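A short worksheet on the structure shown next.
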Amino acid sequence: MDWTNKRVLVTGAGGFIGSNVVETLVARGARVTCFVRYKASGDHGALHFLPEDVQKQLTVASGDLADPASAAALVEGHEVVLHLAALVGIPYSYIHPIEVVRTNTMGTAFLLEACRKVGIGRMVCFSTSEVYGTARYAPIDEEHPLQAQSPYAASKIGSDQIALSYFRSFGTPVSIARPFNTYGPRQSSRAVIPTIITQALKGGAVKLGAVSPTRDLCYVGDTAEGVIRICEVPEAVGEVINIGTGREISIGALAGKIFEILGRKPEIITDEKRLRPEKSEVFRLIADGSKAKRVLGWEPRVGLEEGLSRTIEWIRANPAFFKVDDYHV
C-alpha cells in the first residue's frame, strides 16, 4: 500500500502505542487525523513528545468514542481507520468496570457502525493478549480459548467479537491486531517496564506486584510496523493476528536485566496494592507468531536488551513524563 496522502484516522493517538503508530504513518507520507479523548486534549497526551515537524503535520480531534455522534463525525472523509482507543489499565477496570466496558466495547461498536455506513476501505481494531488469560498451552496461537480474567479483558473480547461480526455480517474490511506486551519510549509508568526503570533510576528499592508471571515483550516500533502491515495485506481482512516475539521472561528476571543494564544492584519489594486478585492474575503469556510471519511477512527486529536500552535512554531524557512515586491504575 502506498501511504502517500492516504487519509488515516488513528483513535487513541495520544497513547503510547498510538503515538508511535502515528509517527510511523507520517514518515510514510500519510495524512493522519489523531483522535484523543477529550480529557487529554490539553496537550494531546504522548503526541506532545513527538518531534515538532511531525506534530505540525497532524490534525487532532478530541471527543468521546462512547458517543455515537462523535464516532460518525470522525470517520467521515477517511480511507483507513486504526482503532487503538481504549481504557487499558487492568487495575482501573477493577475500580471502574462499567466505564471500561462502555468505552472499550460500545466505543468500538459505534466506530464500526460509522465505518460500515461510510464504506471504509480498511479498519484495524487493536486487541490485547490479555484476552487469552493464562496460557492453557504455549506458545499461544490465535485459536487459543479466550478467557476474561479482568473486566478489561472481557471488554476487549467483546470489542474483538463485535468487529469480527461486522466482517461476517456486513463485509466490513476489519482485522484484529492482537499484540502481546508492548514496551518502549512514551509508555506511562502504569506499565511494568517504565515502573521498574523510573524507580531504579531514582534509587532505592523497586516496588512491584507479582514477579513470577511471564510476558512476551515486543518493542513498540515492531508493534507499530506489525499493525501497519496488517492494513497493507488483503489476506489479513477478517483475521485475528498475534503480534509478539515468541519469547517470554518473568517480571523478576526482567527487573534483573534492567538493573544489569543500569549497573545497579537489584532490590525488589512486593507491594501488596500492586498484586492482582488471585483468579485475575495472568501467569503466562507467550505468542505464537507464525501467522504474522506467514500472512504478513512480519517478524520483530529489536531484541529485548536493545529495546530496554532505548527505553532507558528515553526515560532519562524525559523525566517530566513520569510520576515515580505514584502507583498508576
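The values are calculated or read from the model by the stated rules, or taken from the named source; none is laboratory data. Fair warning: this is a prediction, and the values are worked out from it, not measured in the lab. Note that we place each Cβ from the backbone using ideal geometry, even for glycine, and neighbour counts take in every protein chain shown.
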Can you list residue pairs whose Cβ atoms sit under 8 Å apart, with the first residue in segment 271-286 being closer than 11 Å to L208 by Cβ and the second being basic (K, R)? Count only pairs 6 or more apart in sequence or on different chains.
D271/K207; R274/K207
From L74, L87, grab the single residue that is buried (at least 16 other Cβ atoms within 10 Å of the Cβ) and more than 20 Å from the chain's Cα centre (by Cα).
L74
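Can you spot a residue in segment 232-243 that is at pLDDT 95 or above, in a loop (DSSP other than H, G, I, E, B), in the same structural domain as D141 (by TED's automatic domain parsing) and at positive phi?
yes
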May I ask you to say which residue of V8, V88, V36, V60 is closer than 19 Å to G121 by Cβ and either without any contact (Cβ under 8 Å) to a residue 40 or more places away in the chain or touching a helix residue (DSSP H, G or I) at 6+ places or on another chain (Cβ under 8 Å) (or both)?
V8
Inspect all residues belonging to segment 253-273 and state whether any of them is assigned to a loop (DSSP other than H, G, I, E, B) and either assigned by TED's automatic domain parsing to the domain that holds A135 or within 18 Å of the chain's Cα centre (by Cα) (or both).
no
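Every residue in segment 71-120 that is of a type in the set (D, E) and touching a Ser or Thr at 6+ places or on another chain (Cβ under 9 Å), please.
Initial filter on segment 71-120 (of a type in the set (D, E)): 76, 79, 99, 113.
Hit for segment 71-120 is E99, nothing else.
Conditions tested, residue by residue: (1) out of contact with any strand residue (DSSP E or B) (no Cβ under 9 Å at 6 or more places or on another chain); (2) under 14 Å from C125 (Cβ atoms).
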{"residue": "G77", "(1), (2)": "no, no"}
{"residue": "L82", "(1), (2)": "no, yes"}
{"residue": "Y94", "(1), (2)": "yes, no"}
{"residue": "P97", "(1), (2)": "yes, no"}
{"residue": "R102", "(1), (2)": "yes, no"}
Given the structure, is S127 closer than 26 Å to F49 by Cβ and touching a Pro at 6+ places or on another chain (Cβ under 7 Å)?
no
Residue list for segment 165-206, restricted to those being more than 30 Å from P319 (Cβ to Cβ) and surrounded by fewer than 18 Cβ atoms within 10 Å (Cβ to Cβ)
S165, R168, S169, F170, G171
